[in-house]
1. Compute the signed sum of charges (Lys and Arg +1, Asp and Glu -1) over the other residues within less than 13 Å, Cβ to Cβ, of E291.
2. List the pair-distance distribution P(r) of the stretch 300-363, using every Cα-Cα distance, as the percent of pairs falling in each 10 Å bin from 0 up to the bin containing the longest distance, rounded to whole percents.
3. Can you tell me the dipole magnitude for the stretch 300-363 around its Cα centre, using point charges on the Cβ only (Lys, Arg +1; Asp, Glu -1), in Debye to the nearest 20?
4. How big is the charge dipole of the chain about its Cα centre, in debye rounded to the nearest 20, if each Lys and Arg gets +1 on its Cβ and each Asp and Glu gets -1 on its Cβ?
5. Would you please report the Å³ per residue occupied by the convex hull of the alpha carbon atoms in the chain?
6. For the pair E123 and F257, how long in nm is the line joining their label points, each one 7 Å along Cα→Cβ?
7. Which percent of the accessible heavy-atom area of the stretch 300-363 goes to carbon and sulfur, probe 1.4 angstrom?
8. Calculate for the chain the 222 nm mean residue ellipticity that helices alone would give, adding -39,500 (n - 2.57) per DSSP H run of length 4 or more and normalising by residue count, nearest 500 deg cm²/dmol.
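The values are calculated or read from the model by the stated rules, or taken from the named source; none is laboratory data. Here the structure is a predicted model, which means the values were calculated and not measured. With ideal geometry, Cβ positions are generated from the backbone for all residues, glycine too; neighbour counts draw on all protein chains shown. For accessibility, only protein heavy atoms count, side chains too; no ligands or nucleic acids. Shrake-Rupley method; radii C 1.70, N 1.55, O 1.52, S 1.80 Å.
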Amino acid sequence: MSLKAGIVGLPNVGKSSLFSALTLNEAESANYPFTTIEPNVAIVPLKDKRLYELAKIVSSNKIVEATFQFVDIAGLVKGASKGEGLGNKFLSNIREVDAIVHVIRCFENENIVHVSSKIDPIEDLKTINLELILADLQTIEQVISRTYKKATSDKVAKVEYETAKKIKDALENEVLAKDISLTEEEKHIVKSYQLLTIKPMIYIANLYADDFKNLSNAKHYNNLKKYLDEKNEILVPICIKLEKEISHLDEEEKEMFLSEYNIEESAINKIIKISFKLLNLSTYFTAGEVETKAWTFKNGQNACECAGIIHSDFEKKFVKAEIIKYDDYIKYNGEKGCRENGKINIEGKTYLMQDGDVCYFRIAK
């Protein structure tokens, strides 16, 4: 399952540095707008402690983590929806991602150019979102134009026209498409439009180390947090400079560094985990001596569909699934102990897979 999150924001807010920290790749970064022109893409593993615990029990020769793609997209400026800056390229790149990671500058530094010559995180956020809204309005207006005449005599066209009008009214009031209440039928209609503002979004506040250690004194961050809390949006505080340093350390050094800053978990790991949750994703595991692997699935998928994620033949020839809950697998030290204690459930095609399930699929020969 190939999934992408696009890192967006105004020029020089820390997007490429965040990308470097996420991927351990040094994306080009410099103190002038549009350093990133072609999007950098990298595959990032989801660090899941459960996977390693399972591998220990079965003494796996190989561990395969679930992965996520992050895309570093060119900086946006006001007027992008009309082609300003790298607008058209920027917007087309966003259409290709599943979620948006929106980086916002929350620090003062006269030596780092701000495209608007002032630090105002809320205005920066509004600039980005308005350009996405304007681009979506162009798309919706084309739909309205296409369905207007047909809507008077065709029931299907009428529903599409009314759905497009509903979205247009909301966008004109600066409501993102993801925040519009839509029926299942309307969601199905809208899916083909590839709207930018319908994508799930995480906001990232990029702070300096001192502010990050003491968030209560971080003026720009707190203003932004209050604004986003009122909209029930996700905001993750991060010092991207620190995260870049952490990303180059081994696991033991990482823990010492995080402890020094009283951080329970790297913000990078938080971003990846939140991205999974926003996209309604979970992981199940297969465990064996040859390989222990995490598999990504959409919440709501059944056992048969999840078997098909491994191989299409598994879905076609699915018979049963042996399911062990992760906690039981650890408690009883693997499959043998779980079998002896009656902790293996035999499930059919319609069983809804749960996050953390350890699975063995029985396939017809």
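1. Details: positive: K62, K293; negative: E65, E289.
Once positives and negatives cancel, what remains is 0.
2. 24, 50, 25, 1
3. Details: 10 positive and 11 negative charges, 48 e Å.
The dipole magnitude comes to about 220 debye.
4. On the way: 50 positive and 56 negative charges, 272 e Å.
Using only the charged Cβ atoms, the result is roughly 1300 debye.
5. Values: hull volume 60.9 nm³, N = 365.
Dividing the Cα hull volume of the chain by its residues yields 167 Å³.
6. Label at E123, label at F257, 3.4 nm between them.
7. Numbers: 1620 of 3600 Å².
Roughly 45 percent of what the probe reaches on the stretch 300-363 is carbon or sulfur.
8. Working: 15 runs with 152 residues, N = 365.
Helices in the chain give a 222 nm mean residue ellipticity of -12500 deg cm²/dmol.
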